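Below: one structure, written as structure tokens.
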Amino acid sequence: MTQSTTTRGQAAPTEGGPPARAGRAGAVRFAATHTLPVLVRDLVGPRPRPLRTGATLGRPRWPAATLRALRARHGGAPVLLRGPTGPTLVLLDPRDLPRFHESPASELAAHPPDKCRAPGAAAAAGRPTGDEDHDDLRARRREVNEIVLASGSPVHPSCGPFLAVIADEAGRLNAPRTLGLARARQAVTRAARRIVLGDTAAEDEELAGWLDRLDAGGDRRGPRGNRAAETLHEKAGARIARYAAAAEPYTLVGRARRHPDPAGTLDPVGQALHWLRALDTVPTVLLRTLLLLAAHPAEQDAACAEARSADAAKGELPRLRACVQETLRLYPVVPDLVRVTVTETEWWGVRHPAGTSVLLPALFHQRDPEHVPAADVFVPARWTSPASRADLRMAPFGHGAGRCPGDRLGLLVVAAFCAEVLRGHRIRDGRPALDPVGPLPAALDPRRIRLTLTRR
Ligand code: HEM
């Protein structure tokens, strides 16, 4: 990164090579397959429902071959793409990962992924999506998230009650012989409402419907779309506030209620929307993990032994958590991480103005055969060393100050649901059939997953 400095707009040389710009064909191909779905959906509504986004459905958003070709052509330099969403700098070299993850928010501002953003919140407040958080408010919300979600603790303090809720709701998974997405969603969303809002919210399908509608069209542009989103947001907010007032102390809103908020700016209702939405990712991750275990019987037997051990009640489940992390490496729910430069910034000798989007294609790096051994194979053991949490090539939860504060809670919930299924059942004949020695497919559509459960 030591070339002479130029300002973007000039032909900016990279070390001994051409400017780090994608050619027209490369830019068009990339924009069509990658930049558009990730960036445009924030600017042009309506936002897709959680289960309809490309990544969640398992369609590749981008061709790895295109990214590898761009990296080879430009000697690893970040590639600037001018798409309809403005200039975007795409980081293709692993040497750029530390800077992306470790830069303070004063240099690279966070851009929370759709998965963890409250549906319709921005439109409801009459603001463009993405501008809702002022830096200091954002920092205080982050603090509340870290406390409520217990991001520093390997096991959440409410683990006991959460495991009891999951055991209760998992009965819905075990009842039918065949398990698919609809049944997984039913069990998990009930558990999510109980974990976030308390037992009285378990049956509240109406609230779930409002949140889905906010996701589907709440951010539609224009005053009408904003008004509709505002109404839905208000209804959902009032319902959540009612639950929050009576929620058990171990629930997430119960924990948030105990957090001092003298200025009244932290908006626990808004946070509850974030948490429900984040937990919406669990059914997909659960099904993919169980499918991979179906294709790897030895790994499945070891996970079952862990689920049946006395230690399982502590919620640590290290082996199952490793399986979930490996699933997320192969099939992340957030395949791209995005930041925005706050000031003029130099990358590889080229200056870029403030406001440039910087995109880290996390899925590309996590499955990069040039830098990750057995990149396309299911190897949960790679997550068992303590150092794996800090391995910057792997970012299913991000890293640094922007890292997902719900990572351990998310792992706990998915691993505990897996344990409930595996304790009494063997999973066979997973569909689609996977080759245990790989390479695994680039994508796994959760709607197509079918698992056959037989009693152990
Ligand atoms: C398998 C489950 C999950 C995955 C894969 C996941 C992934 C992520 C990722 C990749 C980010 C952005 C990191 C970055 O930009 O560098 C994020 C942010 C976030 N996640 Fe999660 N997440 C999960 C579960 C959860 C849960 C269960 C919660 C809360 C209940 C949660 C709450 C959040 C919040 C609040 C943020 C925004 C943090 C900030 O802006 O500072 N996530 N998540």
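The values are calculated or read from the model by the stated rules, or taken from the named source; none is laboratory data. Computed from a predicted model, the values in this text were never measured in an experiment. Positions of Cβ are generated from backbone atoms using ideal geometry, with glycine treated the same way; all protein chains shown enter the neighbour counts. What goes into the accessible areas is simple: the full protein's heavy atoms, side chains included, and nothing from ligands, DNA or RNA. Shrake-Rupley method; radii C 1.70, N 1.55, O 1.52, S 1.80 Å.
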- Can you grab the distance from the C-alpha centre of segment 402-418 to the C-alpha centre of segment 293-330, Å, no decimals? 14 Å
- Message: Could you check the spin-label model distance between Ala443 and Arg351? Points 7 Å from the Cα along Cα→Cβ, value in nm.
- Response: 4.1 nm
- Amide H contacts of Glu346 (H built 1.01 Å from N, under 5 Å, at least 5 apart or other chain): His352
- Taking R0 as 25 Å, what's the FRET efficiency between Ala175 and Ala313 from their Cβ-Cβ distance, rounded to 0.05? 0.65
- Counting only residues 5 or more places away or on other chains, whose amide H sits under 5 Å from the amide H of Leu337 once H atoms are built in the peptide plane? Leu360, Ala362
- For Thr345, Thr289, Thr231, write out the residues from largest to smallest accessible area, computed with a 1.4 angstrom probe and no ligands counted. Thr231, Thr345, Thr289
- Query: Any idea of Arg172's accessible area? Nearest 10 Å², probe 1.4 Å.
  - Reply: 80 Å²
- Query: Taking 1 over the mean of 1/r across every pair of different Cα atoms in segment 218-374, what Kirkwood radius in Å do you get?
  - Reply: 20.3 Å
- How much accessible surface area, in Å² rounded to 10, belongs to the heavy atoms of Glu316 with a 1.4 Å probe? 100 Å²
- Under the Karplus relation with 6.51, -1.76 and 1.60 and θ = phi - 60°, whole-Hz ³J(HN,Hα) for segment 386-393, x at Gly and Pro, equal x, 5, 4, 4, 9, 6, 6, 5
- Task: Tabulate in residue order the Karplus-calculated ³J(HN,Hα) for segment 179-195, using 6.51 cos²θ - 1.76 cosθ + 1.60 with θ = phi - 60°, rounded to whole Hz; enter x for Gly and Pro.
- Result: 10, x, 5, 4, 5, 5, 5, 4, 5, 6, 5, 5, 4, 4, 5, 5, 5
- Mean accessible surface per residue for segment 303-405, computed with a 1.4 Å probe while every protein chain stays in place, in Å²: 36 Å²
- Message: Using only the heavy atoms of the protein chains and a 1.4 Å probe, how would Lys314, Lys235 rank by accessible area, largest first?
- Response: Lys314, Lys235
- Going highest first, how would you order 365-373, 157-165 by mean Cβ packing within 10 Å? 157-165, 365-373
- Note on the structure: With all protein chains present, segment 255-346 has a carbon and sulfur share of its accessible area (1.4 Å probe) in percent of 57 percent
- Sorted by accessible surface (1.4 Å probe, heavy atoms of the protein chains only), largest first, His259, His399 come out as His259, His399
- Note on the structure: The extension gain from Thr384 to Glu248, computed as 0.36 nm times the residue separation minus the Cα-Cα distance, is 45.5 nm
- Note on the structure: Counting only protein heavy atoms and leaving out ligands, DNA and RNA, the solvent-accessible surface of Trp210 at a 1.4 Å probe, in Å² to the nearest 10, equals 20 Å²
- Query: If you plug each phi of segment 229-243 into the Karplus form 6.51 cos²θ - 1.76 cosθ + 1.60 with θ = phi - 60°, what whole-Hz ³J(HN,Hα) values come out, in order, with x for Gly and Pro?
  - Reply: 5, 4, 4, 4, 4, 5, 4, 5, x, 5, 5, 5, 4, 5, 4
- Take the Cβ-Cβ distance between Arg82 and His259 as r, set R0 to 35 Å, and report the resulting FRET efficiency rounded to the nearest 0.05. 0.20
